[in-house]
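See below for the structure under consideration.
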Amino acid sequence: MAQLGQLIISVANIIIAVILGVIASYIGVWLFAKSTRHLDDWGEVRRGNTGMGIVMGAIIIGIAIILKPAIDLPLTVEVERPFLVLLGEIIGIAVGLVLAVSAIVFSVGMFDRLVGDIDELSELQRGNMAVAVIMAAVILAISLLISGAVASIIRWFTIVLAA
């Protein structure tokens, strides 16, 4: 029975990863677009602004980096209540998604304020690739730095519900 529980969790993880990955990517890009009110982010992408595409792509990859540990939960043969493990994982991922998007939007805003001399969003709108690469690096660095903490939060939800 425990091996069947592992199989159920593994298959469900694939489904959860695909569905939540698309939703998380959409929410992340949507929130970034909302935080850059004076820019038409998708309009910039449609007109071929590679810099904007790099930054939006970094947001998607950053969210994936942060949420990946949730899908990599260790499975043991003692899993007796796979549905509670999955419920804990889903709740943890939802919380992780909020933390991921918040951290990315906050870090981009904070970086913008710290740099001060450069209006990054205007530079992005002009297609400044150097600014795009730096913003993408900030997004990915923050994602790497907080992924461990978010993974701990997600595991906590899984452990509490599976206990």
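The values are calculated or read from the model by the stated rules, or taken from the named source; none is laboratory data. It should be emphasised that the depicted structure is a prediction, and the values quoted were computed from it without experimental measurement. Ideal geometry is used to build each Cβ from the backbone, glycine not excepted, and the neighbour counts take in all protein chains shown.
Rundown of residues vs (1) within 21 Å of Ala100 (Cβ to Cβ); (2) surrounded by 13 or more Cβ atoms within 10 Å (Cβ to Cβ); (3) among the small types (Gly, Ala, Ser), yes/no style:
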position	(1), (2), (3)
Ile16	yes, yes, no
Ser25	yes, yes, yes
Gly28	yes, yes, yes
Leu31	yes, yes, no
Thr36	yes, yes, no
Asp40	no, yes, no
Gly43	no, no, yes
Arg47	no, no, no
Gly53	yes, yes, yes
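Looking at the stretch 116-139, can you tell me whether even one residue there is in a helix (DSSP H, G or I) and over 30 Å from Arg46 (Cα atoms)? Full working, then the answer.
Residues of the stretch 116-139 in a helix (DSSP H, G or I): 120-125, 129-139.
From the residues that got through so far, the ones that are over 30 Å from Arg46 (Cα atoms) too are none.
No, the stretch 116-139 has no match at all.
Filter the stretch 129-139 for residues that are of a type outside the set (Val, Ile, Thr) and surrounded by 17 or more Cβ atoms within 10 Å (Cβ to Cβ) and give the result.
Pass one, the stretch 129-139, residues of a type outside the set (Val, Ile, Thr): 129-130, 132, 135-137.
Result: Ala132, Met135, Ala136.
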Worksheet, complete the sentence: The one condition Leu73 fails out of (1) modelled with pLDDT under 75; (2) of a type in the set (A, V, I, L, M, F, W, C); (3) in a helix (DSSP H, G or I); (4) crowded, with 16+ Cβ neighbours inside 10 Å is (3)
Response to the item:
Picked from the stretch 112-162 (must be charged (D, E, K, R) and farther than 19 Å from Ala17 by Cα), the residue farthest from the chain's Cα centre (by Cα) is Asp117
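Look through the stretch 86-139, keep the residues that are among the β-branched types (Val, Ile, Thr) and in contact with a Phe, Trp or Tyr (Cβ under 6 Å, 6 or more places away or on another chain), and return whichever of them is farthest from Gln6 (Cα to Cα).
Our first condition is that a residue be among the β-branched types (Val, Ile, Thr); within the stretch 86-139, this holds for 90-91, 93, 95, 98, 101, 104-105, 108, 115, 118, 131, 133-134, 138-139.
Keeping just the survivors that are in contact with a Phe, Trp or Tyr (Cβ under 6 Å, 6 or more places away or on another chain) gives 91, 138.
Numbers: Ile91: 19, Val138: 37 Å.
For the stretch 86-139, the residue satisfying everything is Val138.
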